[in-house]
C-alpha cells in the first residue's frame, strides 16, 4: 500500500504527531510519499523533524514554471474533467476569503500532486487539517488522481467551515477523520446525512515505549509546565495573569512556557509588567526529549486553551503520569476526568485557574501521584499508537479497494 500525505507546512515543531503517524505507518509496512506545500519558517530544533524535512518533497519549491507546466497538461489529457475541476476551484474561491488567484495556485499544486502520485504509484492521498492541503488533495482527485481523505483536528476548521468549504471536502472524500467524538460531532454539522458513515474517529496515538521510564513526581516547590504555540487560542495570557496572583500565595511557584509564536512579545511584556521574570521561563521550542525532561521535572501540565481539538500535549503529560489542569472545551473532557486525572475549568476564567492551581498545591503528593498514574492508564488505553494506526490503515485499505 502506498499513500501520499499532502500537507501544508511540514514538519513543524507543534506537529510532531504527524511525524509519528507517518513513522508508525511505515513501521506497519505502508509506503508514504511526503508532499508538503512549503517547509516550516520556524527553526527545527528536533533532529527527528530535521530528518523528516530531508524526506519531504516541497511542491512550491519546484517553481512556478513546473507548476504551470503540470497544470497545462491537464486540459489536453481530459478537457471535460479539467473544466469541472476548474469550476470546483471557482466554487471554493467564492466561499473563501483567499480569492480566485489563490485557488488557481491550489489548482496548479493539485495538478503537480496528481501527476507525482501517478508517477510514484500512489493509491490514496491523505491530508492533515481541513485547510488548503485538503483543498489540494480534493482538486488533485477531481483531476483524476487517487482518492483522498483528511484528518480534522480543529479548532481552525470549526471556526470557518463555510470559508473552508469543509462540507464540500467531506462529501467528496473517501472518509474524514476526527480526533475525538466532539470533533466528529462538529464534522456531522457540515457533512451530508448520507455521508455520515464516512466520518471516522481515529485518536492521535501515544507510543508507550516513549514513556516507559517514568520519573517519579518531584518533591519540592510546585513546578508547572504549559506547552503550545504562543497564539491567542492557547490562553497563555490568562495563565500569566493568574500567575501574578498565585505568586503572592505560593512564592516559590515556577512555570515553564514551552513553545513560541506571534504572541511572544506580548507575553514577555506581561511577564515583565507583573515582575514574573523569576517565576516564568519561556524556553522556546524544545526537542522531544527536552520536552519529556520538562514534564519529568514538573508536578502538572496546565492547558488554559480557549479553543482546541484534543491537545497532544495533554496526552503526553498523562502518559508521563502527570496530572493535568485544562479547560472544559472540545475533546478534552473525553480524556481528562476531574478529580481522577486532573482538573477541568471554564476557558478564560482567570479566578478559576488560580484557584485550581492552589487546589493542586494543597493536594497531597501521594494523591497527585495516584492521579498521574490514573491518567497514564487512561491515555494508554484510549490512545495506544498501534491500535489507532491499525484503524487508519483499515480505512485506507477500504478506500483503496472501493
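Just so you know, all these numbers are worked out from the coordinates, no wet-lab data involved. Remember, it's a predicted structure, so these values are computed and weren't measured experimentally. Glycine gets a Cβ as well: all are built from the backbone with ideal geometry, and neighbour counts include every protein chain shown.
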> Most fluctuating residue of 218, 364, 161 in a GNM of the chain with Cα springs under 10 Å: which is it?
Replying inline: 364
>> With the alpha-carbon atoms as the only input, what is the per residue convex hull volume for segment 209-382 in Å³?
In response: 100
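What is the chain's relative contact order, in percent, from Cα pairs under 8 angstrom and six or more apart in sequence?
Rounded, it is 15 percent for the chain.
Could you tell me the calculated FRET efficiency between residue 84 and residue 214, based on Cβ-Cβ distance and R0 = 51 angstrom, to the nearest 0.05? Intermediate values should be presented prior to the final figure.
Values: r = 55 Å, r/R0 = 1.08.
Computed FRET efficiency for residue 84 and residue 214 comes out at 0.40.
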>> Taking 0.36 nm per residue of sequence separation and subtracting the Cα-Cα distance, how much length would be gained by fully extending the chain between residue 359 and residue 23, in nm to one decimal?
In response: 117.0 nm
> Which residue, 269, 140, 93, tops the fluctuation ranking in a GNM of the chain built on C-alpha contacts under 10 Å?
Replying inline: 269
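Sort 92, 282 so the one with the fewest other Cβ atoms within 10 Å of its own Cβ comes first. If you can, show how the numbers build up before the last one.
Details: 92 24, 282 17.
Listed from fewest to most nearby Cβ atoms, that is 282, 92.
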> Taking the chain as a Gaussian network, where each spring joins two C-alpha atoms under 10 Å apart, which residue of 205, 145, 339 fluctuates the most?
Replying inline: 339
> Ranking 383, 162 by Cβ neighbours within 10 Å, fewest first, what do you get?
Replying inline: 162, 383
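Taking neighbour counts of Cβ atoms within 10 Å as a proxy for exposure, in what order, fewest first, do 285, 343 appear? Present the calculation step by step, with values, prior to reporting the outcome.
On the way: 285 21, 343 26.
Ordered by Cβ neighbours within 10 Å, fewest first: 285, 343.
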> Quick one: length gained pulling residue 45 to residue 351 fully straight, 0.36 nm per residue minus the C-alpha distance?
Replying inline: 106.6 nm
